Amino acid sequence: MARQIGSFKINGRVREAIIEPQMLLVDVIREKIGLTGTKRACASGNCGACTVLVEGLPVCSCLTLAITAQNKDIRTVEGLRAADGELHPLQQAFIDHCASQCGFCTAGMLMSATALLEANPRPTRDDVNRGLSGNVCRCTGYVKIVDAVLDAAQKIVAAREVTA
Amino acid sequence: MSEHLSYVGKRMPKPDLAGKVTGEAKYTEDLVIPGMLEGRILRSPHAHALIKSIDISKAKALPGVVCVLTHKDCPEQKFSRSTMAEALPEFAFSGERQDQYILSEKARYVGDWIAAVAAEDIYAAERALELIEVEYEVLPAVLDPFSAMAKDAPKVHDDVKANVAFEMDHPFNTGDVDKAFAEADAVAEFSGVNSRQKHLHLETDAAIAYFEADSRLVIVSPSQGPHLAKKHLTRRVFTDLDDGDIRWISPTIGGGFGARLALGVEPVAVLLARASKRPVRVTSTREEDFSGYSSRTDQHQTIRVAATKDGKLLAVEQKIVSDAGAYLSHSATTSIVNMQKTLGLLRCDNIRGHLTVAYTNTPTTSGFRGYGNPEGAFVFQQALDRLAEKIGMDPMEFRLRNLKQVGDPSCFVPSVLEHTKLEECIRLGAERFGWSQKWTGWGEKREGRYRRGVGMSILTHASGAGGFLLEHSSAVMKVLSDGTLNLIVSPCEMGQGILGALAQVGAESSGLRYEQVRVTTGDTDVTMFDIGSHASRSMLVIGNAVAAAGAKVKDQIKALAVAKFELRQVSATAEQIDVREGRVFLTDNPKIGFDVREIAYDAIYNFGAEGGQIVATGSYLSTSHHPNHQAAFAEVEVDTETGQVTVARYVVAHDIGRAINPLLVEAQLEGSAVQGIGFALTEDFVIDPVSGEVLSDSLLTYRLPTTMDVPDMDNLLVEDPLPAGPYGAKGVGEAGLVNPAPSIANAVYDAVGIRIHSLPMSADKVLWALRHGDQAAKGSSRVSGQHL
């Protein structure tokens with residue numbers, strides 16, 4: 001169980017940390033890199049709060065060994081904002097629709113929704129329900145979360161059409 | 001004066017969300033104090049066992065371990081996880097039994113706290129737990145309240161006779177109940193029990209304790225009421241400390257729902273920090289939260305009701321046997337509140353209620369959003385439907401004929417009902433739902449695999465517990481040089497949006513800009529005393545305190561504006577000036593005016609002036625519980641081949657007084673309705689009947705609702721301002737969890753003619769009842785003997 005220096009590409013920047021083979025990605029992100037926006041809530045892959053994107057795909061960082069994520073493109077909630085600080089349309093929609101209450105599931109919801117919209121830019125309500133069914137929220141009753149994702153999807157598509 | 005409102009009633013974004021969507025918001029476990037140790041707790045593997053000896057030598061010898069503590073290292077005073085003893089009048093103390101130590105001298109449930117470790121890192125702390133050697137003498141355990149109260153049952157607490165932790169007749173027992181039942185045209189009865197719904201706040205229990213200058217103790221934890229927790233901890237546990245010796249910081253909270261009203265691991269963090277003289281963070285896993293932290297109290301009930309044939313409710317009798325678990329915490333008080341809300345909902349001259357709370361060797365139960373009301377409604381609203389069926393009356397009409405009116409005795413403390421819009425709620429909800437078309441009468445047989453049915457339920461709930469709890473609160477406001485309003489208030493933001501609603505009240509009452517309100521909360525050194533966020537109280541009690549402070553700030557701005565107008569050669573008295581949305585202007589000529597920051601800046605930075613930043617405090621004492629009300633209508637579809645119940649439509653109308661922010665009110669109603677649907681259909685807390693172990697100890701085995709379980713919902717607001725409320729507002733936080741289970745249960749009966757007597761109404765139970773008929777179900781009510 002040798003300690004080693006792990007190299008992680010998180011939110012576009014390469015970060016190094018001393019890791020051990022048994023360490024989980026969520027712990028490295030939170031405790032070693034210091035990005036505490038990603039939450040650990042069940043540590044068994046059942047709630048989705050720890051969801052991050054690895055190579056664009058949502059994974060439970062509490063079920064992922066950190067060593068397996070080395071040198072892969074990792075995105076966390078801290079990486080959603082644009083370089084100039086402007087909020088991602090999903091983040092803005094979550095604020096506008098009051099789609100977050102206690103906020104503990106929010107990072108995971110946003111990352112799952114990001115992956116969903118990248119794969120399916122024009123989802124139906126049912127698509128969003130299915131896409132987020134692995135993310136548990138205890139506060140909102142989900143209605144406003146789904147509203148927010150649909151609203152953000154529309155805005156992202158509209159903005160793309162303007163630039164095109 | 002005609003009412004102009006700039007912010008109240010508007011759908012404003014809530015201020016805590018910016019940090020939550022970016023990941024910047026800091027929760028307890030996100031904080032790191034330099035030199036901080038990791039604390040972990042060793043929990044009992046036995047439901048009931050004497051501790052013969054504990055050998056900590058191997059654990060202590062492990063490199064990285066700083067201290068290992070057991071019962072011998074704890075204060076000798078007993079305390080309760082509930083902090084409410086400090087907020088109650090002396091006469092109500094008996095429901096607040098102080099019955100436990102930080103670390104137990106005897107294991108009373110699987111998960112009871114036996115020892116605590118602090119180590120340099122979490123890995124060493126975990127390993128140390130494995131190295132503690134405890135010799136147990138396993139005792140016979142009692143795992144349900146009825147066997148606990150049986151003759152010669154093992155005792156959970158040696159000093160408690162027959163394991164009866166608490167017992168009372170309802171204080172409002174009235175009339176001649178036996179005579180009323182004997183003379184009634186129809187009598188109905190329903191027995192049932194709710195499950196131990198878990199709060200399931202996604203942030204697991206955690207606390208940090210450390211020392212700042214002068215060895216002053218700082219506690220950081222997701223407490224819903226840090227002022228009261230601090231008082232409780234110093235008065236009952238660490239009695240060498242006093243109120244001023246602790247600073248308690250409640251940072252961003254990852255969900256509460258009542259769980260954080262009781263103490264969690266904070267006393268262990270303090271114990272370890274004092275022993276190690278180091279900062280200590282104590283954490284727990286999801287599995288430990290399931291077995292060792294709180295849940296709703298399972299209340300076994302029988303409710304009998306009687307009526308005349310034209311639908312006048314003559315009598316209600318409620319018997320409750322509650323299972324406290326190993327320690328009392330909030331289980332007695334939630335059961336008392338159940339009686340108040342259940343027996344106090346409708347007009348009735350003959351009322352009798354009796355409550356017994358028993359100790360068992362199961363995890364401690366506590367208060368959960370709704371605080372006894374959902375437990376009672378599940379049984380009472382089904383008893384009412386059975387009675388309506390017996391007299392052949394539409395269940396909505398039956399309820400309408402028995403509603404309390406203004407001037408009737410209220411449901412809580414012996415006070416008068418001053419305001420109710422429950423009838424309007426029922427009529428509005430029924431219209432939206434289409435009740436008159438969908439409800440087709442009693443006993444209609446439906447065919448086919450999928451059968452639909454409708455049901456309804458009504459409730460009354462409190463907006464604080466004025467007259468019973470210490471319902472006073474204060475707010476502080478200071479105005480910064482750019483016109484920013486720094487609002488310092490006590491409620492804990494668990495996600496419910498209260499800081500946003502209070503910011504709206506603050507901006508409205510002071511005349512400053514909502515966008516420039518900065519709310520400070522959660523630190524007992526900064527905020528004024530307040531008993532915490534619970535009982536749907538914050539909007540009414542703290543809201544009134546904020547409005548009072550805001551009025552004073554506005555007056556100060558007006559007084560300072562007189563001179564500013566003079567400089568502009570405008571002569572005006574303070575009475576002729578108004579302030580709105582950050583602008584000072586003449587009431588009769590609003591075009592003449594200027595930005596409030598001119599005054600705010602001068603108040604601080606003008607060398608020539610008298611000095612004196614604009615600052616004000618506001619206080620409020622609530623003397624009533626100002627009930628809010630709600631009606632709900634559910635349509636379900638039952639799959640008769642699998643027993644699966646799906647909620648297709650759910651309509652709620654809520655008596656809100658006035659919605660300070662309708663977006664936040666909707667968010668509360670939607671969230672609590674879905675929690676209520678989980679309570680009704682899927683959330684099952686299963687305790688092994690032999691070992692006492694919690695079997696549903698993960699999110700895989702304990703099923704929370706997901707996006708796939710949300711029905712088509714409408715949440716309607718009935719707005720008629722409550723004179724005592726801030727801008728007319730009442731509370732809303734808890735009510736939404738009350739109606740789902742009974743309205744869904746009544747709809748299931750309408751669909752397939754069966755009633756399920758224990759929550760959740762899971763597919764297996766529904767299928768069993770469909771195959772065998774609910775009257776033939778195994779077992780019977782332990783309270784009344786009626787078949788379950």
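Here are the numbers for the structure shown:
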{"item": "The listed residue being assigned to a helix (DSSP H, G or I), open to solvent by 10 Å² or more (accessible area, probe 1.4 Å) and free of Cβ contacts under 8 Å to residues at least 40 places away in the same chain, out of B:Arg427, B:Arg432", "result": "B:Arg427"}
{"item": "When residues of the stretch B:663-719 are limited to those that are of a type in the set (Ser, Thr, Tyr) and assigned to a helix (DSSP H, G or I), the one nearest to the other protein chains (Cβ to nearest Cβ)", "result": "B:Thr707"}
{"item": "Subset of the stretch B:416-456 [of a type outside the set (A, V, I, L, M, F, W, C), within 20 Å of B:Gln381 (Cβ to Cβ) and in contact with a strand residue (DSSP E or B) (Cβ under 7 Å, 6 or more places away or on another chain)]", "result": "B:Thr420, B:Lys421, B:Glu423, B:Glu424, B:Gly429, B:Arg432, B:Lys438, B:Arg452, B:Gly453, B:Gly455"}
{"item": "Residue satisfying condition, being surrounded by fewer than 22 Cβ atoms within 10 Å (Cβ to Cβ) and small (Gly, Ala, Ser), within set B:Ser57, B:Ser82", "result": "B:Ser57"}
{"item": "Sole residue being closer than 18 Å to B:Gly725 by Cβ, at pLDDT 95 or above and of a type outside the set (A, V, I, L, M), chosen from B:Gly500, B:Gly511", "result": "B:Gly500"}
{"item": "Residue check for B:Gly725: at positive phi, modelled with pLDDT of 95 or more, more than 9 Å from chain A (Cβ to nearest Cβ) and open to solvent by less than 30 Å² (accessible area, probe 1.4 Å)", "result": "no"}
{"item": "Residue list for the stretch B:63-78, restricted to those being open to solvent by less than 70 Å² (accessible area, probe 1.4 Å) and closer than 19 Å to B:Arg281 by Cα", "result": "B:Gly64, B:Val65, B:Val66, B:Cys67, B:Val68, B:Leu69, B:Thr70, B:Cys74"}
{"item": "Single condition B:Arg755 does not satisfy, out of (1) of a type in the set (Lys, Arg); (2) in contact with a helix residue (DSSP H, G or I) (Cβ under 6 Å, 6 or more places away or on another chain); (3) open to solvent by 10 Å² or more (accessible area, probe 1.4 Å)", "result": "(3)"}
{"item": "Inter-residue pairs, beta-carbon under 7 Å, first under 16 Å from B:Pro689 (Cβ atoms) and in the stretch B:137-153, second open to solvent by less than 50 Å² (accessible area, probe 1.4 Å) and assigned to a helix (DSSP H, G or I), 6+ apart", "result": "B:Val142/B:Ala148; B:Val142/B:Asn163; B:Ala148/B:Asn163; B:Ala153/B:Ser147; B:Ala153/B:Asn163"}
{"item": "Failed item in (1) within 14 Å of another protein chain (Cβ to nearest Cβ); (2) open to solvent by 50 Å² or more (accessible area, probe 1.4 Å), with B:Lys198 passing the rest", "result": "(2)"}
{"item": "Scope the stretch A:42-86; condition on the phi > 0 side of the Ramachandran plot and either buried (at least 22 other Cβ atoms within 10 Å of the Cβ) or not aliphatic (A, V, I, L, M) (or both); matching residues", "result": "A:Gly45, A:Gly48, A:Glu55, A:Gly56, A:Asn71, A:Gly85"}
{"item": "Residue among B:Asp144, B:Asp121, B:Asp178 that is open to solvent by 60 Å² or more (accessible area, probe 1.4 Å), of a type outside the set (Val, Ile, Thr) and under 27 Å from B:Leu355 (Cα atoms)", "result": "B:Asp178"}
{"item": "Among (1) facing another protein chain (nearest Cβ under 10 Å); (2) more than 21 Å from B:His201 (Cβ to Cβ); (3) among the small types (Gly, Ala, Ser); (4) in contact (Cβ under 8 Å) with a residue 40 or more places away in the chain, the one test that A:Ala107 misses", "result": "(2)"}
{"item": "Only one of B:Ile656, B:Ile744 that is buried (at least 23 other Cβ atoms within 10 Å of the Cβ), away from chain A (no Cβ under 14 Å), of a type in the set (A, V, I, L, M) and assigned to a helix (DSSP H, G or I)", "result": "B:Ile744"}
{"item": "Where A:Phe8 falls short, out of the listed (1) touching a Leu at 6+ places or on another chain (Cβ under 9 Å); (2) under 23 Å from B:Ala25 (Cα atoms)", "result": "(2)"}
{"item": "Selected residue (only one of A:Asn135, A:Asn120 is surrounded by 23 or more Cβ atoms within 10 Å (Cβ to Cβ), in contact with a helix residue (DSSP H, G or I) (Cβ under 8 Å, 6 or more places away or on another chain) and more than 7 Å from chain B (Cβ to nearest Cβ))", "result": "A:Asn135"}
{"item": "From A:Asp126, A:Asp147, residue being in contact with a His (Cβ under 6 Å, 6 or more places away or on another chain) and either among the charged types (D, E, K, R) or in a loop (DSSP other than H, G, I, E, B) (or both)", "result": "A:Asp147"}
{"item": "Filtered residues of the stretch A:42-76 (kept if within 14 Å of another protein chain (Cβ to nearest Cβ), touching a helix residue (DSSP H, G or I) at 6+ places or on another chain (Cβ under 8 Å) and among the polar types (S, T, N, Q))", "result": "A:Ser44, A:Thr51, A:Ser61, A:Thr76"}
{"item": "All positions within the stretch A:91-100 that are open to solvent by less than 10 Å² (accessible area, probe 1.4 Å) and within 8 Å of chain B (Cβ to nearest Cβ)", "result": "A:Gln91, A:Phe94, A:Cys98, A:Ser100"}
{"item": "Some residue of the stretch A:142-152 being crowded, with 23+ Cβ neighbours inside 10 Å, more than 7 Å from chain B (Cβ to nearest Cβ) and free of Cβ contacts under 8 Å to residues at least 40 places away in the same chain", "result": "no"}
{"item": "Counted residues, the stretch A:77-90 - those being in contact with a helix residue (DSSP H, G or I) (Cβ under 9 Å, 6 or more places away or on another chain), of a type outside the set (Val, Ile, Thr) and facing another protein chain (nearest Cβ under 10 Å)", "result": "6"}
{"item": "Subset tally (residues that are under 16 Å from B:Ala153 (Cα atoms) and charged (D, E, K, R)) for the stretch B:352-366", "result": "0"}
{"item": "Verdict on B:Lys10 being touching an Asp or Glu at 6+ places or on another chain (Cβ under 8 Å) and basic (Lys, Arg)", "result": "no"}
{"item": "Elements of type strands (runs of 3 or more DSSP E) contained in the stretch B:105-192, each with 1 or more residues being among the β-branched types (Val, Ile, Thr) and more than 30 Å from B:Gly64 (Cβ to Cβ)", "result": "B:133-138, B:164-169"}
{"item": "Candidate set: the stretch B:1-18, residues that are open to solvent by 20 Å² or more (accessible area, probe 1.4 Å) and in contact with a strand residue (DSSP E or B) (Cβ under 8 Å, 6 or more places away or on another chain); chosen: the one farthest from the other protein chains (Cβ to nearest Cβ)", "result": "B:His4"}
{"item": "All positions within the stretch B:441-500 that are open to solvent by 10 Å² or more (accessible area, probe 1.4 Å), assigned to a strand (DSSP E or B) and of a type in the set (S, T, N, Q)", "result": "B:Ser474, B:Asn486"}
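The values are calculated or read from the model by the stated rules, or taken from the named source; none is laboratory data. Quantities reported herein were computed from a predicted structural model and do not represent experimental measurements. Note: ideal-geometry Cβ built from the backbone for every residue, glycine included; neighbour counts use all protein chains shown. Accessible surface is based on the protein model in full, side chains and every heavy atom, while ligands, DNA and RNA are left aside. Shrake-Rupley method; radii C 1.70, N 1.55, O 1.52, S 1.80 Å.
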